[in-house]
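Comments concern the structure below.
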């Protein structure tokens, strides 16, 4: 298997695409999946560097095995195309969201399954808008350490701390893994329980069947947004705002596997990776998560 990885990479030296696939499996026309890089970072409020996240994921993915030992399959055979990153880091958040919407809509129109690499979490609202135009019965599953339900933060309604609030205005939202919020967010959440279902880390500790609650709250079509700070920072230190506690690798995988089997996952994003120089473990972690989730989605159709 190792020899095959080297062969695939060597056949495509001019471009670093996700997992370094050659033309046969990275060709846009044949690919089922399109990886979209959105290296946006304009509203981050603590540690900077999320704009480097997409490229760090691509770079790390070049060192992954293509055979999935859990699923006993080579997921890349579905075809995975990687687009050029959107040049949007100098635009206002509102304009960025519209550009992400248009770019995502273009992929959906072409019949592709979009996977969006951020960048800060504010990018997700643009993607969800595009999916809502195609899928009426859509809900969003948000995996995150933070509720991101502020109506406005630091002068912008499109700050990364407002990402979930904007999403909740588009379609129903199910949140998992949170462990930090403001009083404003708590009050908003208490008055919007019909549209937003939140299962925080304390619920997870107290309720053994919390994954069933997640499944019941989701609609038939699901978009998943994964903020990497949902994981425990001992596993995932490379995030902009690390929060103590958090969920483990296998717990998240079990949840994603269950959702992929019980619902139609129509797309997902991975955001807020903030690479640490000379410490590639977190980058590899994110790349592996993406590949495994794609394996769940395309290997477990009903």
Note to self: Can you pull out every residue in region 212-232 that is surrounded by fewer than 18 Cβ atoms within 10 Å (Cβ to Cβ) and farther than 29 Å from residue 105 by Cα?
What the structure shows: 212, 213
Next item on the list: Of the conditions (1) more than 21 Å from the chain's Cα centre (by Cα); (2) at pLDDT below 95, residue 202 clears all except one; give me its number.
Entry: (2)
Item checked: Failed item in (1) crowded, with 19+ Cβ neighbours inside 10 Å; (2) within 15 Å of the chain's Cα centre (by Cα), with residue 266 passing the rest -> (1)
Note to self: For the structure I just gave you, tell me whether residue 174 is in contact (Cβ under 8 Å) with a residue 40 or more places away in the chain, in contact with a helix residue (DSSP H, G or I) (Cβ under 9 Å, 6 or more places away or on another chain) and not in a helix (DSSP H, G or I).
What the structure shows: yes
Check: What number goes with the only condition from (1) in a helix (DSSP H, G or I); (2) touching a helix residue (DSSP H, G or I) at 6+ places or on another chain (Cβ under 9 Å) that residue 187 does not pass?
Finding: (2)
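Are any residues in region 139-160 over 16 Å from the mean Cα position of the chain (by Cα) and touching a residue at least 24 places away in the same chain (Cβ under 8 Å), and if so, which ones? Explain how you work it out, then say what you get.
Start the filter on region 139-160 by keeping residues that are over 16 Å from the mean Cα position of the chain (by Cα), which leaves 149-159.
Passing the criteria: 149, 150, 151, 153, 154, 156, 158, 159.
The values are calculated or read from the model by the stated rules, or taken from the named source; none is laboratory data. In this text the structure is predicted, and so the values were computed from the model without any measurement. FYI the Cβ positions are ideal-geometry reconstructions off the backbone, even for glycines, and counts take in every protein chain you see.
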